[in-house]
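Working notes for the structure below.
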Amino acid sequence: MQNNFETVNVLGLDFIKATQTEFLEQLKRDSQTKANRFIVTANPEIVLAAKADLAYAKTIRSADYVTADGIGIIKGAKILGEPLPERLTGYDTLIALLSFANKHQKRVFFLGARPAVLQQVLTKVATNYPNLVISGSCDGYFKDEAKVAEQIKQAEPDFVFVALGFPKQEFFIAKYQDLASAIWMGVGGSFDVLSGQTKRAPKWWIDHHLEWAYRLLKEPSRFFRMLALPKYLLLVYRKKYLKY
């Protein structure tokens, strides 16, 4: 990891200690200087996955910025006595970077999601960010990974947004990051929200840190995924009181 931010360790992963504004300003500087950067937006599920998979943990630790995407990370850091300033959500970062790319006519590559969702994303981006250059795209159902990597290389992007879900998106970025001097970011399900397929929680729910509850109400099938949160908090308290 190489960045100018202090970090807070939460169950083995170092999260940058930055506000959304500070983080975005750093990314803008990185982009303007053609710095190659790898961003991981981590929530409790990703922390647990990293604890269970040493290769995944190593991949995340190779990132330049690991951000607290999830109120669980904020709560965990506070319990451990090293609070983080605020959530740095992947979706909000994505939208801010699209606006920046539009302003500066940056080149963007979109990778991931279902074909129909990706097409809706490309249509919305072309409409809402007309000065941004869509340098290439590929849905998440590709068979030939090397071919996609070559496509990214030829596109010469300034930003690569990878919506393959964890851990696949982080493994992909770590493997191919050197092919383009760009800001690479795993964005999970953000393409679904950007396309309009999935509705993001209203502002009240977000402001009250209840975005997870809203998503559970809308998608009850997420219940078993949500069980990661109490398991994660149990590990945080174990770390606090038992020191392991």
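The values are calculated or read from the model by the stated rules, or taken from the named source; none is laboratory data. Nothing here was measured: the structure is a model prediction, and the numbers come from that model. A quick note on method: Cβ atoms are made from the backbone with ideal geometry, for glycine too, and the neighbour counts reach across all protein chains shown. We work out accessible area using only protein heavy atoms, side chains counted, and drop any ligands, DNA or RNA first. Shrake-Rupley method; radii C 1.70, N 1.55, O 1.52, S 1.80 Å.
Here are some notes:
- All positions within region 167-184 that are part of a strand (DSSP E or B) and either open to solvent by 40 Å² or more (accessible area, probe 1.4 Å) or touching a Ser or Thr at 6+ places or on another chain (Cβ under 7 Å) (or both): Ile183
- No other residue among Leu179, Leu122, Leu98, Leu132 is under 15 Å from Ser195 (Cα atoms) and touching a residue at least 24 places away in the same chain (Cβ under 8 Å) apart from Leu98.
- Only one of the listed residues (Gly76, Gly112, Gly90) is in contact (Cβ under 8 Å) with a residue 60 or more places away in the chain, more than 20 Å from Gly165 (Cα to Cα) and open to solvent by less than 10 Å² (accessible area, probe 1.4 Å). That residue is Gly76.
- Here Asn102 passes the criteria (1) closer than 23 Å to Gln169 by Cα; (2) touching a Pro at 6+ places or on another chain (Cβ under 8 Å) except the one numbered (1).
- Only listed residue being over 21 Å from Trp184 (Cβ atoms), touching a strand residue (DSSP E or B) at 6+ places or on another chain (Cβ under 8 Å) and not small (Gly, Ala, Ser), chosen from Leu80, Leu122: Leu80
- The residue of region 10-26 that is nearest to Leu235 (Cα to Cα), among those that are open to solvent by 10 Å² or more (accessible area, probe 1.4 Å) and part of a helix (DSSP H, G or I), is Gln20.
- Val40 surrounded by 22 or more Cβ atoms within 10 Å (Cβ to Cβ) and more than 18 Å from Glu170 (Cα to Cα): no
- Residues satisfying the stated conditions in region 141-166, i.e. within 16 Å of the chain's Cα centre (by Cα) and either surrounded by 18 or more Cβ atoms within 10 Å (Cβ to Cβ) or over 26 Å from Asn43 (Cβ atoms) (or both): Phe159, Val160, Phe161, Val162, Ala163, Leu164, Phe166
Rundown of residues vs (1) under 28 Å from Ala126 (Cβ atoms); (2) of a type in the set (A, V, I, L, M, F, W, C); (3) in contact with a Gly (Cβ under 6 Å, 6 or more places away or on another chain), yes/no style:
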site: Gln20; (1), (2), (3): yes, no, no
site: Leu27; (1), (2), (3): yes, yes, no
site: Thr33; (1), (2), (3): yes, no, no
site: Ala52; (1), (2), (3): no, yes, no
site: Gly70; (1), (2), (3): no, no, no
site: Ile73; (1), (2), (3): no, yes, no
site: Asp92; (1), (2), (3): yes, no, no
site: Ser99; (1), (2), (3): yes, no, no
site: Val108; (1), (2), (3): yes, yes, no
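- In this structure, Ala68 does not qualify as on the phi < 0 side of the Ramachandran plot, open to solvent by less than 60 Å² (accessible area, probe 1.4 Å) and touching a residue at least 60 places away in the same chain (Cβ under 8 Å).
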